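Here the structure is laid out as structure tokens; the discussion comes afterwards.
Here, each number is a calculation from the coordinates, and none is a lab measurement. Quantities reported herein were computed from a predicted structural model and do not represent experimental measurements. Every residue, glycine as well, gets a Cβ built from its backbone with ideal geometry; the counts of neighbours run over all protein chains shown.
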Amino acid sequence: MKISVIIPTYNRAHLIQRAIDSVLNQTYPVNQLIVVNDGSTDKTQETLSKYKSNVKTITINNNGVSYARNVGIKEAHGDWIAFLDSDDEWKQTKLAKQVIAIQSTPNTVFCHTEEIWVRNGKRINPMKKHKKYGGYVFQKNLDRCLISPSSVLMKKSLIYDVGFFDTAFPICEDYDLWLKILAKYPVLFVDEPLVIKYGGHDDQLSKHTEKIEMYRIKALTNILDDKSLNSKNELAVLETLIYKCKIYLLGAIKRDYNFEINLMEEKIHSYQKRHLEIKKTLT
């Protein structure tokens, strides 16, 4: 298995070395390590220049994490792709254990692992709602993204099947892409914490909680257009959308945002009507 690793980074000069070293120290050899410097204005480029031939560095204008990952994918030579966020790190046997699991499970195209969470320097335990799964897990991932990009090892061909990261998503871009993949394929889960995810820092994208639900709704709306979605999965998407739109509507009412109130009310009505029509065809 030839593996290309892609690390997008923006102004993480103080963290990027830890991420890169965790890739270079893997017990399973990496075919290619690509770091996409997304227009950093700190000393990120200076740090990257120390690695020379070990790392392929691509510097672009600041266009966001989706665009940066897509640039890396297009430059990848490997038939398998692994992602690592620049504020995270891998345990030394991360790739080796995923490769063993994949080779032991025929037809696997997507594999993820358990992870360790560290917030503000302290290890924390994820809540039950963040429990990870393997198999056909599309419906389990509708409410929230349960798959961390830093844990993923996937066949590059999947990207050309379902599409690249959507650059219209400044956050939840992984949730959007994973749903497209999970709608078609089962996933392999290695139930061992092989990734260390660090949180609590100010530049963490997932801290923009007020926008997360908006982009989850957008991703769910996108997946409704997937022609390969079976009726049961379509119903599950609609039920999740109705629930999320109702929550969003309550927030819009509280803030007195008339445009969003009208928009959410229209969406809820439309999704409820579609849900009813599908249920009638199944009875």
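Can you put ARG216, ARG18, ARG69 in order of Cβ neighbours within 10 angstrom, beginning with the fewest?
Final ranking by Cβ density, sparse to dense: ARG18, ARG216, ARG69.
What pairs in LYS132/LYS267; LYS129/LYS211; LYS132/LYS156 have C-alpha atoms more than 28 Å from each other?
Long pairs (Cα-Cα over 28 Å): LYS132/LYS267.
Which distance in Å, rounded to a whole number, links the C-alpha centroids of the range 210-283 and the range 131-178?
19
In nm, what is the difference between 0.36 nm times the number of residues separating LYS129 and LYS184 and their Cα-Cα distance? Kindly include the intermediate steps, with their values, before the conclusion.
Details: separation 55, 0.36 × 55 = 19.80 nm, distance 2.31 nm.
That works out to 17.5 nm of additional length.
Which residue fluctuates most in the GNM of the chain (Cα springs below 10 Å): TYR51, TYR185, TYR160?
TYR160
At a temperature of 25 °C and a viscosity of 0.890 mPa s, determine how fast the range 112-219 diffuses translationally according to Stokes-Einstein, using the Kirkwood radius over alpha-carbon pairs as Rh; express D in µm²/s, rounded to the nearest whole number. Spell out each step's value before the answer.
On the way: Rh = 14.8 Å.
The estimated diffusion coefficient comes to 166 µm²/s.
What nm value, rounded to one decimal, do you get for the distance between THR93 and ILE278 when each label is placed 7 Å out toward the C-beta?
Taking the two extended label points, one gets 4.2 nm.
Full extension from LYS246 to THR105: what is 0.36 nm times the residue separation minus their Cα-Cα distance, to one decimal in nm?
Computed gain between LYS246 and THR105 is 46.7 nm.
For the range 223-283, treating each Cα as an identical point scatterer without solvent, what Debye log10 I(q)/I(0) comes out at q = 0.21, 0.27 1/Å?
Log10 I(q)/I(0), no solvent term: -0.79, -1.06.
Taking a 31 Å limit on the Cα-Cα distance, which of the listed pairs LYS140/LYS280; LYS56/LYS197; LYS74/LYS279 fall beyond it?
Result: LYS74/LYS279 exceed 31 Å.
With no solvent and one point on each alpha carbon, what is the Debye value of log10 I(q)/I(0) for the range 131-174 at q = 0.14 Å⁻¹?
Once normalised to I(0) and log-transformed, intensities are -0.40.
Over the chain, with a Gaussian network built from C-alpha contacts below 10 Å, which listed residue (LEU241, LEU179, LEU250) shows the highest mean-square fluctuation?
Ranking LEU241, LEU179, LEU250 by mean-square fluctuation puts LEU250 first.
To the nearest 0.05, how large is the calculated FRET efficiency for GLU260 and ILE60 if R₀ is 35 Å and r is the Cβ-Cβ distance?
That gives a FRET efficiency of 0.55.
For the chain, set up a Gaussian network in which alpha carbons nearer than 10 Å are linked by springs, and say which option among ASP143, ASP225, ASP38 fluctuates the most.
ASP225
Looking at [x] 6, 31, 38, 20, 4, 0; [y] 6, 27, 34, 22, 9, 2, 0; [z] 6, 25, 28, 21, 13, 6, 1, which value of P(r) over Cα pairs in 10 Å bins from 0, in percent comes from a calculation on the structure shown?
Checked against the structure: label [y].
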